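Student: The structure under discussion is supplied below as structure tokens; questions concerning it will follow.
Readers should treat all values here as calculations from the given coordinates under stated rules, not as data from a laboratory. Here the structure is a predicted model, which is why all the values come from computation and not from measurement. Here the Cβ positions follow ideal geometry from the backbone for every residue, glycine too, while neighbour counts run over all protein chains shown.
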Amino acid sequence: MSDRNKHAAVTSESRALFIGSVGFVVLGGVAFLLVGRDPVPLSGRGSAGDIAAIGTAVLGAAAVVAGCLQRPTPVSPQFRGGRTRHAIDVGALALAHACIFLLGWLALFWVFQQAFIGALLYPVAAAVLVGAVGAISAYVAYLSALGMTAYRLAALLAGFLVTGVLTSMLTAADPHWWQENLSALGMSSDVSGVAFNFTLIVGGVVVTTLAGYSTATLAASANTPAALRRARLLEGGIALMGVFLACVGVFPVDERFGLHTLVASGMVVVFASLIVRIRALVPSISPAFAALGWVFLAVIVVAAVLWFPVGYYNLTAVELIAGLLIFSWLIVLIRNLAAVDADQFNANQPRRPELEPGAAATQAPGSPVPWERGGPSPLKDHGH
């Protein structure tokens, strides 16, 4: 093992701590300059929360780029598109982290303001608090990008969508928005509407990136044109769902009702088609997962029937159920594809040669076998 790999984890943590320290100094100094001499509230216009949210969005995106550049291999080495696709993947990761920090810290500081009604922060206290938030965000973003995998990206997507939608709900001007539909959150031009639509747009971009992550090994290990075609079809289906999700945010329901409804319905149609064909696209995937997809699809159909024509509840409930099940299925799909990859990797590993009879009795426990001590390895060809 080389010295470079021997201390890779320690080096990564050291760099993350350094980036976090830089985040504390930079964002704390900016906050001190912006606050001035007058105390500021925790949340609201010109507050410490606003400075922290915007600052961590910028720092988080920069830390993600730094983390991706430190990876030993590109984020998506198997993808078609080369450097262009790699740049898109890095940009999507940076944008997703930036939005999570922006919306997450806005929501958290709003909660703190409700807990400490009337509380104000003096300049030094505000600078220290905002600097600490910047340090945490930069530290987490760097390590997140450095160890990014398909499963972590799926978890990032789930956290991002939950954070964005909850922020939109909490800041909605109309407390009865839920009586219409979920898309009503995106009809306003205030913080709630912008947060909702922006969440869907960025979420769609992340889903398209997730499509490449989740099918990279399938495409790389395909040994026939048919297997490669199946991997590309799965990647295209997931990417198309991401495009439709982004379009739901691009076309608000009050401005482009027809297009909004079309792309939202299209996402459900693509989801259903993937469920129907998942065993054909990935023959090695577990039957349990395939059955789970059919259960999810049946629940969505029943929920839709209970809304119309039964009228048991409103459209918001149907959209929440469908959205929850669709993205839950995507996350579980990533886990199952990772399991398929792991089985293929283990199947391709050469078996460790067994010791000759009697060797186990004479070998001390824990002592290395001959080829581990530098002797000839039975795995190498010696001319026989």
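Student: Rank Val250, Gly46, Leu320 by how far each Cα sits towards the positive end of the charge dipole of the chain (+1 on Lys, Arg Cβ; -1 on Asp, Glu Cβ) and give me just the farthest.
Tutor: Ranked along the dipole, the leading option is Val250.
Student: May I ask you to derive the relative contact order of the chain, considering only C-alpha pairs under 8 Å and at least 6 residues apart, and to give it as an integer percent? Working shown, then result.
Tutor: On the way: 483 pairs, mean separation 59.5, N = 384.
Computed over the chain, the figure is 15 percent.
Student: Could you put Thr171, Thr261 in order, starting from the residue whose Cβ has the fewest other Cβ atoms within 10 Å? Show your work: numbers first, answer last.
Tutor: On the way: Thr171 20, Thr261 14.
So the ranking, lowest neighbour count to highest, is Thr261, Thr171.
Student: Taking every alpha carbon pair in the range 295-350, what does the distance histogram look like in 10 angstrom bins from 0, in percent?
Tutor: Going out from 0 Å in 10 Å bins, the range 295-350 shows 23, 32, 19, 15, 9, 3, 0 percent.
Student: Defining a contact as two alpha carbons under 8 Å apart and six or more residues distant in sequence, what relative contact order in percent does the range 150-344 show? Walk me through the numbers before you get to the answer.
Tutor: Details: 230 pairs, mean separation 46.5, N = 195.
The normalised contact order for the range 150-344 reaches 24 percent.
Student: Give, rounded to the nearest 20 debye, the magnitude of the charge dipole that the chain has about its Cα centre when Lys and Arg contribute +1 at Cβ and Asp and Glu contribute -1 at Cβ.
Tutor: Rounded to the nearest 20 debye, it is 980 debye.
Student: Another one. For the range 150-344, count all C-alpha to C-alpha pairs, find those more than 25 Å apart, and express that count as a whole percent of the total. Working shown, then result.
Tutor: On the way: 6995 of 18915 pairs.
Pairs farther apart than 25 Å: 37 percent.
Student: Using a 10 Å cut-off around each Cβ, can you sort Tyr151, Tyr312 from fewest to most neighbouring Cβ atoms?
Tutor: On the way: Tyr151 16, Tyr312 11.
Result, fewest neighbours first: Tyr312, Tyr151.
Student: Calculate the length of the line joining the C-alpha centroid of the range 199-273 to that of the range 164-194, in whole Å.
Tutor: Computed from Cα coordinates, the inter-centre distance equals 25 Å.
Student: When only alpha-carbon atoms count, how far does the chain stretch along each of its three principal axes, as whole angstroms with the largest first?
Tutor: Reported extents, whole Å, longest axis first: 79, 60, 40.
Student: Across 10 Å bins from 0, what is the distribution of all Cα-Cα pair distances for the range 11-148, in whole percents?
Tutor: Going from the shortest bin to the longest, the percentages are 14, 38, 28, 14, 5, 1.
Student: Moving on to the next point. Divide by every residue of the chain the summed helix terms, -39500 (n - 2.57) for each DSSP H run of at least 4, and state the resulting mean residue ellipticity at 222 nm, rounded to the nearest 500 deg cm²/dmol. Walk me through the numbers on the way to the answer.
Tutor: Details: 12 runs with 274 residues, N = 384.
Result for the chain, helices only: -25000 deg cm²/dmol.
Student: Say R0 is 22 Å: what FRET efficiency, to the nearest 0.05, do Leu320 and Val295 get from their beta-carbon distance?
Tutor: Numbers: r = 18 Å, r/R0 = 0.80.
Efficiency, rounded to the nearest 0.05: 0.80.
Student: Please return the longest range in the chain lying between exposed loop sites, taking trypsin sites (Lys or Arg not before Pro), DSSP loop only, at most 16 other beta-carbon atoms within 10 Å, and leaving the sites out. Could the numbers behind the result be given before it?
Tutor: Working: sites that count: Arg37, Arg45, Arg80, Arg256, Arg351, Arg373, Lys380.
With trypsin sites (Lys or Arg not before Pro) excluded where exposed in loops, the chain gives 81-255 as its longest stretch.
Student: Related question: Rounded to the nearest 0.05, what FRET efficiency do Arg71 and Arg277 have when you use their Cβ-Cβ distance and R0 = 45 Å?
Tutor: Details: r = 33 Å, r/R0 = 0.74.
Calculated value: 0.85.
Student: Run the numbers on the range 11-148 and let me know its relative contact order in percent, using alpha-carbon pairs under 8 Å that are six or more apart. Please report the intermediate quantities before stating the final value.
Tutor: Details: 209 pairs, mean separation 68.7, N = 138.
Relative contact order comes out at 50 percent.
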